[in-house]
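The values are calculated or read from the model by the stated rules, or taken from the named source; none is laboratory data. Quantities reported herein were computed from a predicted structural model and do not represent experimental measurements. Counting neighbours? That spans all protein chains shown, and the Cβs are built from the backbone with ideal geometry, glycine included. Heads up: the accessible areas ignore ligands, DNA and RNA and are worked out on the full protein's heavy atoms, side chains in. Shrake-Rupley method; radii C 1.70, N 1.55, O 1.52, S 1.80 Å.
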Amino acid sequence: MSYQYIPYIIVLLFIIVSGLFMVKQQTTAVIERFGRFRSIRHAGLQFKIPIIDRIAGRVSLKIQQLDVMVETKTKDNVFVQLKISVQFKISPDKVYDAFYKLQNPHDQITAYIFDVVRAEVPKMILDDVFEKKDDIAIAIERELKEAMLNYGYNIVKALVTDIDPDSQVKNAMNRINAAEREKVAAQFEGDAQRIRIVERAKAEAESKRLQGQGIADQRREIARGLEESVDTLNRAGINSQEASSLIVITQHYDTLQAIGQDTNSNLILLPNTPNAASDMLNNLVTSMVAANKISEANQRPRKKKNDDEQNMM
């Protein structure tokens with residue numbers, strides 16, 4: 001081979017090598033020939049005719065995300081900012097439409113988002129915007145799918161990621177929430193206080209009942225003991241009056257002894273003459289006899305009235 005052909009061979013190799021190009025995964029390359037669409041090449045090593053063909057552009061098939069901030073007014077005249085995140089991708093069989101039909105897809109998607117948000121949010125009050133944000137996202141997704149499908153774009157998902165009302169509105173909402181929680185806390189505290197009062201009253205009533213029952217049992221046992229003491233003294237040849245006097249005197253001196261043993265006792269004046277116990281017993285017997293007479297006098301008119309009613313019948 002003559003050395004005169006070497007330059008031609010090098011130029012030919014350079015032209016062939018310049019026609020080779022790589023296309024990355026999840027990417028396509030648009031090939032034009034003399035300014036006219038020729039083909040779409042996918043991932044891998046590709047070849048184009050040098051000088052005649054050129055790469056007009058590369059289109060990514062990955063899912064992309066566009067974040068848009070929209071400010072609008074609610075039905076109750078509250079200005080609010082919504083952050084809308086739209087995830088989209090180009091369909092592999094629609095690369096031609098995505099590349100040639102739409103020059104700036106981000107501006108197109110943003111325009112549709114503004115249109116949908118400003119049509120939906122003014123129909124809602126602020127609380128509904130928070131509660132129905134998924135409905136807003138569905139409306140955006142539905143509108144974008146219908147509009148962008150003709151341009152080769154597939155809308156994967158639309159999300160309302162943030163709702164930011166005016167700072168004064170947020171402060172007012174926080175105050176309302178705090179007041180509502182304080183109201184609930186006050187109600188619970190009042191219920192707890194009422195339960196404590198009721199339970200305290202129940203406990204006090206039960207205590208009084210048990211105390212009364214204890215006093216009644218104590219008096220019953222005292223009476224039983226006195227009865228047994230009188231019977232014992234009667235069997236010893238002591239009559240009832242003498243036995244009662246003896247018991248009263250014994251109780252009188254027991255009381256004086258108990259008072260004297262208590263070092264914390266205040267000044268107490270009690271009769272301490274030899275006739276004190278006897279006078280006490282006589283006063284007690286006189287009182288009981290007078291009470292019995294009054295009771296009998298009250299029962300006579302009632303009995304007479306009952307007898308008259310029976311005779312009339």
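Summary of values
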{"item": "Subset of region 117-145 [in a helix (DSSP H, G or I) and surrounded by fewer than 15 Cβ atoms within 10 Å (Cβ to Cβ)]", "result": "Arg118, Ala119, Pro122, Lys123, Asp127, Phe130, Glu131, Asp134, Asp135, Ile138, Arg142"}
{"item": "Every residue from region 97-116 that is open to solvent by 70 Å² or more (accessible area, probe 1.4 Å) and under 30 Å from Val30 (Cα atoms)", "result": "Tyr100, Lys101, Gln103, Asn104, His106, Asp107"}
{"item": "Cβ pairs under 6 Å, 6+ apart, first in region 144-165 and free of Cβ contacts under 8 Å to residues at least 40 places away in the same chain, second in a loop (DSSP other than H, G, I, E, B) and not charged (D, E, K, R)", "result": "none"}
{"item": "Flag if Arg175 is surrounded by 10 or more Cβ atoms within 10 Å (Cβ to Cβ) and at pLDDT below 85", "result": "yes"}
{"item": "Matching entry among Gln168, Gln213, Gln193 (being exposed (fewer than 10 other Cβ atoms within 10 Å of the Cβ) and more than 30 Å from Ala98 (Cα to Cα))", "result": "Gln168"}
{"item": "Criterion (open to solvent by 70 Å² or more (accessible area, probe 1.4 Å) and in contact (Cβ under 8 Å) with a residue 40 or more places away in the chain) met by exactly one of Lys94, Lys62", "result": "Lys94"}
{"item": "Matching option when the condition is basic (Lys, Arg) and modelled with pLDDT of 90 or more, among Lys157, Lys101", "result": "Lys157"}
{"item": "Filtered residues of region 65-89 (kept if out of contact with any Pro (no Cβ under 9 Å at 6 or more places or on another chain), under 17 Å from Gln26 (Cα atoms) and open to solvent by less than 20 Å² (accessible area, probe 1.4 Å))", "result": "none"}
{"item": "Test: residue in region 27-45 that is polar (S, T, N, Q), under 28 Å from Ile155 (Cα atoms) and open to solvent by 60 Å² or more (accessible area, probe 1.4 Å)", "result": "no"}
